[in-house]
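Peer 1: Quick one: the structure is below, and I'll ask about it shortly.
The values are calculated or read from the model by the stated rules, or taken from the named source; none is laboratory data. Just so we're clear, the structure is a prediction, and the values are computed from it rather than from any experiment. Cβ atoms come from the backbone with ideal geometry, glycine included; neighbour counts cover every protein chain shown.
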Amino acid sequence: MIAVVQRVSQASVKVEEPPYLETIKQGLCILLGVEEGDSQEHAKWIAGKLARLRIFADEQGKMNRSVQDINGEILLVSQFTLAGDCTKGNRPSFAKAAAGELGKKLYEAVGRYLQTDHDLPVKFGVFGAMMNVSIENDGPVTLIVRKTSNEN
């Protein structure tokens, strides 16, 4: 499982058909890719890591606060292209991306864990849809958080 995490002043996701729009203010915009071999344990681990990631400034301006600490919001967007392998040729291979049913199940599980285990307000993209994501990156701060199937 791989997440591109961006600290944002605001972010939104929009789908043209059927019309859909979700917006957050200060918090995290998380692009989440699910890979073959990922599990509920991966979803729970990554949700905990995202909730506790200390990338917001404290009183001294140091990155010492989490999205929980600042009462921020989360915009969670599925993005299977994060599983793309670009090592051979010029066209990415998506062989490592989870199949749709598993991808959707674990994407939704991450969102649920963020909501229930970490009491965070989560807004979602539309799984499998063509989406326009607008991000006002604060900093900019962007991190990659990854949990692979061969990690304990």
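Peer 1: Does any residue of the range 104-127 turn out to be more than 13 Å from the chain's Cα centre (by Cα) and modelled with pLDDT under 95?
Peer 2: no
Peer 1: Taking the range 101-142 on its own, how many of its residues are in contact with a Leu (Cβ under 9 Å, 6 or more places away or on another chain), assigned to a loop (DSSP other than H, G, I, E, B) and more than 17 Å from GLY72 (Cα to Cα)?
Peer 2: Number satisfying all stated conditions: 1.
A quick yes/no check of all residues on (1) in contact (Cβ under 8 Å) with a residue 60 or more places away in the chain; (2) closer than 20 Å to PHE124 by Cβ; (3) surrounded by 15 or more Cβ atoms within 10 Å (Cβ to Cβ); (4) touching a helix residue (DSSP H, G or I) at 6+ places or on another chain (Cβ under 8 Å):
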| position | (1), (2), (3), (4) |
| --- | --- |
| VAL13 | yes, yes, yes, no |
| LYS25 | no, yes, no, no |
| LEU28 | no, yes, yes, yes |
| LEU53 | yes, yes, yes, no |
| ALA97 | yes, yes, yes, yes |
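Peer 1: Taking only the range 55-91 into account, find how many residues are over 16 Å from the mean Cα position of the chain (by Cα) and assigned to a helix (DSSP H, G or I).
Peer 2: 0
Peer 1: Let me ask you something else. For GLU36, work out the one condition from (1) surrounded by fewer than 20 Cβ atoms within 10 Å (Cβ to Cβ); (2) within 16 Å of the chain's Cα centre (by Cα) it doesn't fulfil.
Peer 2: Failed condition: (2).
Peer 1: I'm trying to understand the selection: among the residues of the range 39-51, which are surrounded by 14 or more Cβ atoms within 10 Å (Cβ to Cβ) and assigned to a helix (DSSP H, G or I)?
Peer 2: Selection gives HIS42, ALA43, LYS44, TRP45, ILE46, ALA47, GLY48, LYS49, LEU50, ALA51.
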